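**Q** I'd like to ask you about the structure that follows.
The values are calculated or read from the model by the stated rules, or taken from the named source; none is laboratory data. Everything numeric in this text was worked out from a predicted model, so none of it was measured. Positions of Cβ are generated from backbone atoms using ideal geometry, with glycine treated the same way; all protein chains shown enter the neighbour counts. Only protein heavy atoms, including side chains, enter the accessible area calculation; ligands, DNA and RNA are left aside. Shrake-Rupley method; radii C 1.70, N 1.55, O 1.52, S 1.80 Å.
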Amino acid sequence: MRFMLNWLFTSIAIAIATFLVPGIQPFGFAETWVCFVGLFLNIVDSFVKPFLTVISLPLTIITLGIFQLVVNSFMLELASYLSVNLLGVGISIASFGSAFMGSILVSITRSILDSIAED
């Protein structure tokens, strides 16, 4: 059940980021792109992100945690790449700056939605 809730919150956060960040555009069918990117972002966050977090731990410590935003940006880029190339629907990210702003917005939105769901 928690996975489904995370998937829903991630999909909502990605939809908000798509409409607010200029370099992120939907790609594919309008009804399905949000769900698949949310699914792939949850999968990537579950399997790839812990590995990258451990590898980048020294740099994260040196930057006092700010480098974790870069790792989140790469996770959003990877989820976008996987959803577009495997399923043909997803989001198109124009630059790393767009991915960086999108990952910040997705993180903030997910935090807000998680805190609302806990109450």
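**Q** Can you pull out every residue in the stretch 20-47 that is in a helix (DSSP H, G or I), more than 11 Å from the chain's Cα centre (by Cα) and modelled with pLDDT of 90 or more?
**A** If the condition is that a residue be in a helix (DSSP H, G or I), more than 11 Å from the chain's Cα centre (by Cα) and modelled with pLDDT of 90 or more, then LEU20, SER46, PHE47 are the ones that fit.
**Q** Additional query: Looking only at residues in the stretch 83-101 that are modelled with pLDDT under 95 and surrounded by 19 or more Cβ atoms within 10 Å (Cβ to Cβ), which one is farthest from ILE43 (Cα to Cα)?
**A** ILE93
**Q** Still on this structure, I have one more. Only one of ALA13, ALA17, ALA79 is within 23 Å of ALA94 (Cβ to Cβ), touching a helix residue (DSSP H, G or I) at 6+ places or on another chain (Cβ under 9 Å), part of a helix (DSSP H, G or I) and without any contact (Cβ under 8 Å) to a residue 60 or more places away in the chain. Can you tell me which?
**A** That would be ALA79, the only listed residue that is within 23 Å of ALA94 (Cβ to Cβ), touching a helix residue (DSSP H, G or I) at 6+ places or on another chain (Cβ under 9 Å), part of a helix (DSSP H, G or I) and without any contact (Cβ under 8 Å) to a residue 60 or more places away in the chain.
**Q** Considering only residues that are surrounded by fewer than 17 Cβ atoms within 10 Å (Cβ to Cβ) and under 14 Å from GLY88 (Cα atoms), which ones fall in the stretch 28-56?
**A** PHE29, ALA30, GLU31, THR32
**Q** Next question. If you go through the stretch 102-114 one residue at a time, do you hit one that is in a helix (DSSP H, G or I), more than 15 Å from SER11 (Cα to Cα) and either free of Cβ contacts under 8 Å to residues at least 12 places away in the same chain or within 14 Å of the chain's Cα centre (by Cα) (or both)?
**A** Looking for residues that are in a helix (DSSP H, G or I), more than 15 Å from SER11 (Cα to Cα) and either free of Cβ contacts under 8 Å to residues at least 12 places away in the same chain or within 14 Å of the chain's Cα centre (by Cα) (or both), one finds none in the stretch 102-114, hence no.
**Q** Any residue that is touching a residue at least 60 places away in the same chain (Cβ under 8 Å) and not small (Gly, Ala, Ser) - is there at least one of those in the stretch 44-58?
**A** No, the stretch 44-58 contains no residue that is touching a residue at least 60 places away in the same chain (Cβ under 8 Å) and not small (Gly, Ala, Ser).
**Q** What single numbered condition from (1) within 14 Å of the chain's Cα centre (by Cα); (2) more than 22 Å from ASP114 (Cβ to Cβ) fails to hold for LEU8?
**A** Unmet for LEU8, out of (1) within 14 Å of the chain's Cα centre (by Cα); (2) more than 22 Å from ASP114 (Cβ to Cβ): (2).
**Q** Next question. Somewhere in the stretch 57-79, is a residue open to solvent by 40 Å² or more (accessible area, probe 1.4 Å) and touching a strand residue (DSSP E or B) at 6+ places or on another chain (Cβ under 9 Å)?
**A** yes
**Q** Same structure again: For ARG2, only one of the following conditions fails: (1) closer than 20 Å to VAL89 by Cβ; (2) charged (D, E, K, R); (3) open to solvent by 60 Å² or more (accessible area, probe 1.4 Å). What is its number?
**A** Here ARG2 meets the rest and fails (1).
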